[in-house]
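In what follows, a single structure is set out as C-alpha cells and then discussed.
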Amino acid sequence: MINLNFWLDMAIVVGIYGILVLGLNLHWGYTGLLNFGHVGFFMVGAYASALVTLAPQDASVEVLFALDQPIVLGMIASIVFAGVAGLLIALPAIRLGEIALALLTLAFASLIHSLITGEEWLAGGTYGLSNLQKPFGDLIGTSVVLPLPGGLPSVYVNLWSVVYLGVVLGLLLGTYVLIERLGSSPFGRVLKGIREDEEVVEIFGKRTSKFKIYSFVIGAGIAGLSGSLWAHYTGAITPNAFLPTVTFTAWVAMILGGSGNNRGVLIGAFVLFGSRTMTYFVPDIPGYPNLIPTLRLVIIGVILIALMQWKPEGLFSEQPPAHLE
C-alpha cells in the first residue's frame, strides 16, 4: 500500500508558498519594487484570518478579537488587512525611492512580529493561536484506500488533504491568471515600463507613483491570502512561523525561476520549497541538533550564489510579448 499523505501535504505547502511568491513577483518582477518584508504581509493575513474565524471558547489565551466567522470571511479579511498594510507602507515610501521602501518593508515585518509576540492580548503572544477552523472539517481524520488497476499497490489518502489541496490549487490558479491578465493589460505594461525606466513612463504622462502603489497593495493582498491558507492548513500559528527567512526563501525561489515569469516563479517555488519541506523529515544527527536546519539555509544561499554567477536571469527568463519577438 502506498501512503500519499506526505506528498499531499507537501503539495499543499508548496501551493501556499507559490501564491506568496507570485505576490512578490508582482512587486519586484513586474514593477521593480524592493520588498524585504514580504513575510510581514504573510503574517498579517494569517493572523487576520485566524482572529476573524476563531471562536472565543476555542482560544487558548484571551484575545481582543475572536469573531467566530466563516472561513471565507477570514480569507477576505486576510486580503483586506494585508492590502491596507501595504497601502500604509507604500504611501510614504514609494515617493522616497527604492531604498526607503526596502528599509520600511523590513522594519514593518520586524514591527508586526514584535507586536504580535509581545502583546498577548492582541493575538496570543508567544503562545500563538490554536484550534483554528479548518474548511471541510467533517473530513478530518477520514482516510480511504483506493485500489489501482493492473495489480498495482493500492493508495492510502486522507480525504481532507485531497480537498484542501484542491482549494489551494484553485486559488493558486486564480492568482496566476489574475497576475497574467494584469501583466498583459495596459496596467501591466505600465508596471513593466516603470521597472525598466520610470522616467520614460513619466514622460508619457503616467503617474508612476499611483501605479506602484496599486501594484504594492495587490501583491500584499496576495501574500495575505497565502497567510490565511497557511493558518487554516496548520490549525495553529505562532510568531516563530513568520521569520525573515520566509522572505529570503521567497526571493530565492523567485530568482531561481526567473523574476517576471510567473510560470518560472512557480517552478522555482516548487523546487525550492518542495526540497526544503522534504528536509524536515531528515533525522537529526546525534549530538548536532542544529546541523540540518543550518545546512538548509546554507544550501539556499549556495543556490542563490550559483544563480547570480551563471544564470542571473533565472532558469526561465521573462519572455517578451509575441509582437516584440
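According to the Cα-based calculation, Rg over Rh for segment 110-263 is 1.09, with Rh computed by the Kirkwood formula. Here is the list for segment 182-289: chymotrypsin sites (Phe, Trp or Tyr not before Pro) lying in DSSP coil, each with at most 12 other C-beta atoms within 10 angstrom of its C-beta, are PHE204, TYR280, PHE281. Length gained on full extension, VAL61 to ASP138: 25.2 nm, using 0.36 nm per residue less the C-alpha separation. What angle do you read, to the nearest 10 degrees and between 0 and 90, between the alpha-carbon axis of helix 159-184 and the longest principal axis of the chain? Long axis of 159-184 versus the principal axis of the chain: about 10 degrees.
Derived from the Cα gyration tensor, the three semi-axes of the equivalent ellipsoid of segment 3-114 are 28, 20, 12 Å, largest first. With protein chains left intact and a 1.4 Å probe, residues in the chain average 49 Å² of accessible area per residue. Lysine pairs in the chain whose alpha-carbon atoms fall under 28 angstrom of each other, counting only those eight or more residues apart or on distinct chains, come to 5. Taking the Cα centre of the chain as reference, the dipole from Cβ charges on Lys and Arg (+1) and Asp and Glu (-1) amounts to some 500 debye.
Surface composition of segment 68-226: carbon plus sulfur atoms hold 68% of the accessible area, using a 1.4 angstrom probe and ignoring ligands, DNA and RNA.
Measure nothing but the geometry: give the 0 to 90° angle between the long axis through the Cα atoms of 98-118 and the longest principal axis through the Cα atoms of the chain, rounded to 10°. Approximately 30 degrees, to the nearest ten.
Where in segment 1-25 does the amide nitrogen come within less than 13 Å of the point 7 Å from the Cα of LEU148, taken along Cα to Cβ? Counting only backbone N, you get 1-5. Specify the angular offset, from 0 to 90 degrees and rounded to the nearest 10, of the alpha carbon long axis of helix 5-25 from the longest principal axis of the alpha carbons in the chain. Approximately 20 degrees, to the nearest 10. In the chain, taking the dipole from charged Cβ atoms about the Cα centre, the farthest positive-side position among PRO239, TRP121, GLY260 is held by GLY260.
On a full-extension model of 0.36 nm per residue, what is the gain between VAL163 and ASN290, subtracting their alpha-carbon distance, rounded to one decimal in nm?
Working: separation 127, 0.36 × 127 = 45.72 nm, distance 3.49 nm.
Roughly 42.2 nm would be gained on extension.
Whole-percent P(r), the chain, all Cα pairs, 10 Å bins from 0: 6, 24, 33, 24, 10, 3, 0.
The values are calculated or read from the model by the stated rules, or taken from the named source; none is laboratory data. Everything quoted here is computed from the prediction, not taken from an experiment. Reconstructed Cβ throughout: ideal geometry from the backbone, glycine too, with neighbour counts over all protein chains shown. These accessible areas exclude ligands, DNA and RNA; they are computed on the full protein's heavy atoms, side chains included. Shrake-Rupley method; radii C 1.70, N 1.55, O 1.52, S 1.80 Å.
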